[in-house]
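See structure below.
The values are calculated or read from the model by the stated rules, or taken from the named source; none is laboratory data. None of these values were measured; they are calculated from a predicted model. When we count neighbours, we look across all protein chains shown, and the Cβ atoms used for this are built from the backbone with ideal geometry, even at glycine. Each accessible area value is taken on the protein alone, full model and side chains, heavy atoms only, with ligands, DNA and RNA left out. Shrake-Rupley method; radii C 1.70, N 1.55, O 1.52, S 1.80 Å.
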Amino acid sequence: MISHTQLRDEKMTIQERNFTSDSTFVLTPGVDVSLKDLIRYSRPGAKVVASQATRQRVQASRDALENLVAQGAVIYGVNTGMGGFVDHLVPIDKAHELQSNLIQGVSTNVAERFPDSVARATMFARIVSLSRGNSALSLENFDRYIAIYNAGLIPEIPSKGSLGTSGDLGPLAAVARMLTGDGHAYLNGVRIPAAQALEQLGLAPLHLSYKEGLALINGTSCMVAVAAMNVVEARELLEQYTSISAFSFEALQARVRPFHPDVHQLKPHLGQQKIAEAIWADLQGSELAIDDLELSSQLSALRTDQVRQEDMPIEDAYSIRCTPQILGPVLETIEFVERVVGNELNSSNDNPLITPENGEVFHNGHFHGQYIASAMDYLTISIITLCNLSDRRIDRFLTKANSNGLASFLCAENGGLRFGLMGGQFMSASLTAENRSLATPVSIQTLTTTGDFQDVVSFGLVAARRVTEVLQNTRYVVAFELICAAQAADIRGNARLGPKGRAWHARVREHIPYLDRDVALTAYLEALVTQVLGGHGR
């Protein structure tokens, strides 16, 4: 068995870590894989290799299991049935049949397949978990798994039907079927039998002995793959939206001092402070945004002994003024979710686990997806919070009484004969409402299965899939806010925008002109979502 000293000596520092080239990631004991690494090295042509220390640990875990089997230990999934048949003892000479039946028995997911990027990320995440050397997969099968991944063979993974309880059994079983030469796979975009694909690539399929089918499918790797993409994309969208917010504030002639960093030091929420600081920086140089102190002076000069109404109130509505307090929690939630998903990615998450340091077996529940399910629910709520904010900004742009002097529906020419941007709000309100309908927590929707053996389930992959949908809906709403902000800036005079605002205005105008006639906005929205906001990128 491998010793603690050997493991410590084999570790690499972060500086030594990483890559043999831009397209190859080296798996090394003691070095975590980041979420961005997962996404980057799941792309076509990227490869993963296992360091010698990793391969040594994988072998040591298998050796430890074989020693336990030789001693006559009864171990789940080795010489017992699984799931609802946990109380059945199975002769060890039935190992291959048992593992093959496991994979076939749980491969019952449905609906459209996951895109190639998710399938690749799922395989990479599983390789990362297996590389930690606690799953007792044979070194030969570990090497074959990596070889098949590096060859670019894509498993056909149906997207619906995972309980997320013993992990993503169905999706990972779909991968395992391909690895063992069963079912279908995609090679260079063509769907062919997996066995034929492996033969064309000159690769041997995995042949499973005891515990190995369980090691391949008992874990959270598919939900981790989708969750990692979600959280990275959510952070990118929030960063963009924080800057877009400043652009909208210019176009709405908002007051700037609510974003002054000094006032946010009085409320010690780091997310709020970061958002305020970013908006404050982006507003510098603007001639459209309003300095509160100058406005106060102007309003003071208009005071009389009578109550009177003025066009420019001293404060803006909450959808403007409270943006740091609203987006700050979104940022902090994303940071929390990043940490949760990163921990799950870098875990040994199947059952049982065999530790090579001491040769012990641990029956456990590391496969359970509750962390991912809960984190994805939190992320869903946060993204919808951002969407709600954008929806309210859109309404301020289009409602004349709330826009500080803009034309109704941003229709500066022939209003009444034309509709302006009225129709775009129909879309954005619809998607905002749809998002809200998707906010019911998934992580509490447990249903008992498997003869009450799996009696608390997570639905982690369901929660992760839902975030993907909410993200895309939100991008369309934000894209429409961008259209409104650019239209409003042109009406007011875009030369008065600050440097950041001018940059956003230019990006929008690359895809959509100033609208002095009524046109369908669909193509423009799709262009902004795909070319500017990162949608449909999987």
Within the set of pairs 6 or more residues apart or between chains, which connect a residue that is of a type in the set (Asp, Glu) inside region 518-534 to a residue that is surrounded by 15 or more Cβ atoms within 10 Å (Cβ to Cβ) and outside any helix (DSSP H, G or I) with Cβ atoms less than 8 Å apart? 518/418; 518/420
Which condition number does residue 169 fail, the rest of (1) over 30 Å from residue 479 (Cβ atoms); (2) modelled with pLDDT of 95 or more being met? (2)
Within region 154-173, residues on the phi < 0 side of the Ramachandran plot, in contact with a Cys (Cβ under 9 Å, 6 or more places away or on another chain) and buried (at least 24 other Cβ atoms within 10 Å of the Cβ) come out as 157, 162, 168, 171, 172
Residue, nearest to residue 128 (Cα to Cα), within region 321-350, restricted to residues that are open to solvent by less than 50 Å² (accessible area, probe 1.4 Å) and touching a strand residue (DSSP E or B) at 6+ places or on another chain (Cβ under 8 Å): 349
For region 415-428, check the following and say yes or no: at least one residue is crowded, with 18+ Cβ neighbours inside 10 Å, on the phi > 0 side of the Ramachandran plot and out of contact with any Ser or Thr (no Cβ under 6 Å at 6 or more places or on another chain). yes
Any chance residue 199 is open to solvent by less than 10 Å² (accessible area, probe 1.4 Å) and among the acidic types (Asp, Glu): no
If the Cβ limit is 6 Å and pairs must be 6+ apart or interchain, which residue in region 57-81 that is aromatic (Phe, Trp, Tyr) pairs with which residue that is open to solvent by less than 30 Å² (accessible area, probe 1.4 Å)? 76/352
Taking residue 89 and the conditions (1) in contact with a helix residue (DSSP H, G or I) (Cβ under 9 Å, 6 or more places away or on another chain); (2) at pLDDT below 95; (3) not charged (D, E, K, R), which numbered condition does it fall short on, given that it satisfies the others? (1)
So which of 87, 116, 93, 63 is among the acidic types (Asp, Glu) and within 16 Å of residue 141 (Cβ to Cβ)? 63
Scan region 241-251 and give yes if some residue there is under 28 Å from the mean Cα position of the chain (by Cα) and within 24 Å of residue 463 (Cα to Cα), otherwise no. yes
So residue 367 ticks every box in (1) among the aromatic types (Phe, Trp, Tyr); (2) modelled with pLDDT of 95 or more; (3) open to solvent by 10 Å² or more (accessible area, probe 1.4 Å) but one. Which box is left unticked? (2)
Only residues that are closer than 19 Å to residue 181 by Cβ and not small (Gly, Ala, Ser): list them for region 80-119, please. 96, 97, 98, 99, 101, 102, 103, 104, 106, 113
Does residue 399 fit the bill of being touching a residue at least 40 places away in the same chain (Cβ under 8 Å), open to solvent by 10 Å² or more (accessible area, probe 1.4 Å), over 30 Å from residue 136 (Cα atoms) and of a type in the set (Ser, Thr, Tyr)? no
Of (1) in contact with a helix residue (DSSP H, G or I) (Cβ under 8 Å, 6 or more places away or on another chain); (2) open to solvent by less than 60 Å² (accessible area, probe 1.4 Å); (3) assigned to a helix (DSSP H, G or I); (4) in contact (Cβ under 8 Å) with a residue 60 or more places away in the chain, residue 361 satisfies every one except (3)
I'd like the full set of residues that are hydrophobic (A, V, I, L, M, F, W, C) and outside any helix (DSSP H, G or I), limited to region 417-435. 417, 419, 421
If you take the residues of region 269-301 that are surrounded by fewer than 16 Cβ atoms within 10 Å (Cβ to Cβ) and polar (S, T, N, Q), which of them is modelled with the highest pLDDT? 284
Please go through region 388-411 and give me each residue that is at pLDDT 95 or above, in a loop (DSSP other than H, G, I, E, B) and either out of contact with any Lys or Arg (no Cβ under 7 Å at 6 or more places or on another chain) or among the aliphatic types (A, V, I, L, M) (or both), ordered by number. 399, 406, 407
Quick one: which helices (runs of 4 or more DSSP H) sit completely within region 251-315 and have at least 1 residues that are under 26 Å from residue 237 (Cα atoms), touching a residue at least 60 places away in the same chain (Cβ under 8 Å) and touching a Leu at 6+ places or on another chain (Cβ under 9 Å)? 270-283
Within region 84-103, track down each residue that is crowded, with 17+ Cβ neighbours inside 10 Å and part of a helix (DSSP H, G or I). 95, 98, 99, 100, 102, 103
